[in-house]
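S.K.: Sharing a structure with you now.
Please treat every number below as a calculation from the coordinates, not as lab data. Being a predicted model, the structure only gives us computed values, none of them experimental. In this analysis, Cβ positions are derived from the backbone assuming ideal geometry, glycine residues included, and neighbour counts consider all displayed protein chains.
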Amino acid sequence: VQGSREFHPEDTVIQTKHSVIGGDNFSLMAGPCSVESQEHVLKMAAVAKASGATILRGGAFKPRTSPYSFQGLGEDGLKFLRKAADEYNMDVLTEVMDDEHVEMVAKYTDIFQIGARNMQNFSLLKAVGKTNIPVMLKRGMSATVDDILNASEYIAADGNHNIMIAERGIRTFDNKYTRNTMDVGVVPVLQKLTHYPVIIDPSHAAGHTEFVTPLALAGTAAGASGLVVEIHDDPAHAFSDGAQALKPNEYKEMAEKALAIRDLL
Ligand code: PEP
Ligand code: MN
């Protein structure tokens, strides 16, 4: 198994144009849930960069629970995201939802995101596995640790070893107050079993702005290699996931605290 520590004892370190992910590094990734416009994503890139983020996230293809919710700007959104990242010397992280889109999304992104709902979309995993673009594989909401590792193996089996795994919360018996339950224990567990960097997404776990920072800090303290966080300057009017967005000043504070905790490890 190529993802296992037995096969490869050293940490995988992923090098992109503006970031080094894994090993002793700690990476901040931030941006809006959805790319909304050129102007807006430029503004969010500035906010992310000002707090030390080197990776700009943003969805142009959105896996929405309802087909009637905003589905993303598509390729136009990718162009807006690319331009914003270039303007601030950042890398792009964006979701690819369909194996038929891999080639097109590859023209714009530095890191593919595989969403939680697609963690076991094996044709998609194989398609990104055939590229040499790094992949952030998000844990499915009901996926066990072995399910995640097997999903990552689908990417590695086709030759792409630049994989990171993101914990974004799972479904448990009580998700009345949080959107999902962040499995903080999975950080050291995955680090024991695999050499891939483990990233925490506190936003989709929390579901509510007020819980995002505590979860981000918990994930950092557990030893995650990075945080991917949704930010927005006007959450009430966000196209998606406004309820869990951190405002610019909130993100700045979160990032400062996370970096301070990371320094203690
Ligand atoms: C997202 O990153 O905006 C997203 C849809 O995440 P997830 O796949 O974890 O729900
Ligand atoms: Mn989102």
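S.K.: Got a sec? Which of Thr213, Thr194 is polar (S, T, N, Q), buried (at least 24 other Cβ atoms within 10 Å of the Cβ), farther than 20 Å from Thr94 by Cβ and more than 16 Å from ligand 2 (Cβ to nearest atom)?
M.R.: On inspection, the qualifying residue turns out to be Thr194.
S.K.: Additional query: Output the residue which, of all residues in the range 123-182 that are assigned to a loop (DSSP other than H, G, I, E, B) and hydroxyl-bearing (Ser, Thr, Tyr), is farthest from Glu210 (Cα to Cα).
M.R.: Only one residue fits best here, namely Thr131.
S.K.: Could you tell me whether any residue of the range 169-177 is touching a Leu at 6+ places or on another chain (Cβ under 6 Å) and either away from ligand 2 (no atom under 16 Å from the Cβ) or free of Cβ contacts under 8 Å to residues at least 40 places away in the same chain (or both)?
M.R.: There is no residue in the range 169-177 that is touching a Leu at 6+ places or on another chain (Cβ under 6 Å) and either away from ligand 2 (no atom under 16 Å from the Cβ) or free of Cβ contacts under 8 Å to residues at least 40 places away in the same chain (or both).
S.K.: Here's another thing I want to ask about it. Looking for whichever is over 21 Å from Ser152 (Cα atoms) and part of a loop (DSSP other than H, G, I, E, B) here; the options are Lys49, Lys17. Which one fits?
M.R.: On inspection, the qualifying residue turns out to be Lys17.
S.K.: Hey, another quick one. Just to be sure I understand the filter: pairs with C-beta atoms under 7 Å, separated by 6 or more residues or on different chains, first member in the range 98-110 and touching a residue at least 24 places away in the same chain (Cβ under 8 Å), second member surrounded by fewer than 16 Cβ atoms within 10 Å (Cβ to Cβ) and polar (S, T, N, Q). Which pairs pass?
M.R.: Asp99/Ser123
S.K.: Residue under question is Ala151, and the condition is that it be within 16 Å of ligand 1 (Cβ to nearest atom) and surrounded by 24 or more Cβ atoms within 10 Å (Cβ to Cβ); does it hold?
M.R.: Yes.
S.K.: Collect the residues in the range 178-191 that are in contact with a Lys or Arg (Cβ under 9 Å, 6 or more places away or on another chain), among the aliphatic types (A, V, I, L, M) and surrounded by fewer than 24 Cβ atoms within 10 Å (Cβ to Cβ), keeping them in residue-number order.
M.R.: Selection gives Val186 alone.
S.K.: With respect to the numbered conditions (1) of a type outside the set (D, E, K, R); (2) within 14 Å of ligand 2 (Cβ to nearest atom); (3) assigned to a loop (DSSP other than H, G, I, E, B); (4) buried (at least 16 other Cβ atoms within 10 Å of the Cβ), which one is the sole condition not fulfilled by Leu73?
M.R.: For Leu73, the exception is condition (2).
S.K.: Would you mention how many residues in the range 199-210 are surrounded by fewer than 23 Cβ atoms within 10 Å (Cβ to Cβ) and either in contact with a Ser or Thr (Cβ under 6 Å, 6 or more places away or on another chain) or small (Gly, Ala, Ser) (or both)?
M.R.: 1
S.K.: Only residues in the range 234-247 that are within 15 Å of Glu210 (Cβ to Cβ) count as the first member; pair them with residues that are among the aromatic types (Phe, Trp, Tyr) and surrounded by 20 or more Cβ atoms within 10 Å (Cβ to Cβ), Cβ under 7 angstrom, at least 6 apart or cross-chain, and list the lot.
M.R.: none
S.K.: Let me ask something additional. In the range 52-70, what residues are within 13 Å of ligand 2 (Cβ to nearest atom), under 17 Å from the mean Cα position of the chain (by Cα), assigned to a loop (DSSP other than H, G, I, E, B) and in contact (Cβ under 8 Å) with a residue 60 or more places away in the chain?
M.R.: Lys62, Arg64
S.K.: Could you tell me whether Ala166 is under 16 Å from the mean Cα position of the chain (by Cα) and not basic (Lys, Arg)?
M.R.: Spelling it out, Ala166 is indeed under 16 Å from the mean Cα position of the chain (by Cα) and not basic (Lys, Arg).
S.K.: Let me ask something additional. Considering only residues that are buried (at least 23 other Cβ atoms within 10 Å of the Cβ) and either within 16 Å of ligand 1 (Cβ to nearest atom) or assigned to a loop (DSSP other than H, G, I, E, B) (or both), which ones fall in the range 37-46?
M.R.: Of everything in the range 37-46, those that are buried (at least 23 other Cβ atoms within 10 Å of the Cβ) and either within 16 Å of ligand 1 (Cβ to nearest atom) or assigned to a loop (DSSP other than H, G, I, E, B) (or both) turn out to be Val41, Met44.
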